[in-house]
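The values are calculated or read from the model by the stated rules, or taken from the named source; none is laboratory data. The shown structure was predicted, so the numbers you read here are calculated from the model rather than taken from an experiment. Cβ sites come from the backbone with ideal geometry, for glycine too, and all protein chains shown count toward neighbours. To get the accessible areas, we keep the full protein, side chains included, count just its heavy atoms, and leave off ligands, DNA and RNA. Shrake-Rupley method; radii C 1.70, N 1.55, O 1.52, S 1.80 Å.
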Amino acid sequence: MEPCFIIRATAADYEQLPEGMPYQLIDGELVLWLSRTPSHQRASKALLLALNDFVEAHALGELYPGPLDVYLSDADAFQPDILFV
């Protein structure tokens, strides 16, 4: 999947964006991604369900379906499909 829009930004800029928009901040570039495809969503759901069974059976942590903001630096903020904490 290719990004459809890119501009320079910081994590502070990213935080000001409207909630629910499919943006990610990658190496200081604000990237707007197109919507996920049905096949992508099916694969993501299958992976989440399989991982969830394993994580719960072994009390390893929590799994969350995306999008949730994950800040790795002032130049990197992502919205992963699946987040494990």
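Odds and ends about this structure:
- Gain in span if fully extended, HIS40 to ALA11, counting 0.36 nm per residue against the direct Cα distance: 7.8 nm
- Note on PHE84 and LEU32: the model spin-label points, each 7 Å out from Cα along the C-beta direction, lie 3.3 nm apart.
- From phi via Karplus (6.51, -1.76, 1.60), per-residue ³J(HN,Hα) for the range 10-25 in Hz, x at Gly/Pro: 10, 4, 5, 5, 4, 5, 8, 6, x, 5, x, 6, x, 9, 9, 9
- The chain, accessible area per residue, ligands and nucleic acids excluded (1.4 Å, Å²): 70
- Summing Cβ point charges (Lys, Arg +1; Asp, Glu -1) relative to the Cα centre of the chain gives a dipole of roughly 380 debye.
- Per residue, the convex hull spanned by the alpha carbons of the range 36-85 comes to 64 Å³.
- By average C-beta atoms within 10 angstrom, highest first, the peptides 64-77, 41-54: 64-77, 41-54
- Computed over the chain, the range of Cα coordinates on each principal axis works out to 42, 27, 20 Å, biggest value leading.
- A protection proxy built from the mean count of other Cβ atoms within 10 Å ranks the segments 15-22, 27-34, most packed first, as 27-34, 15-22.
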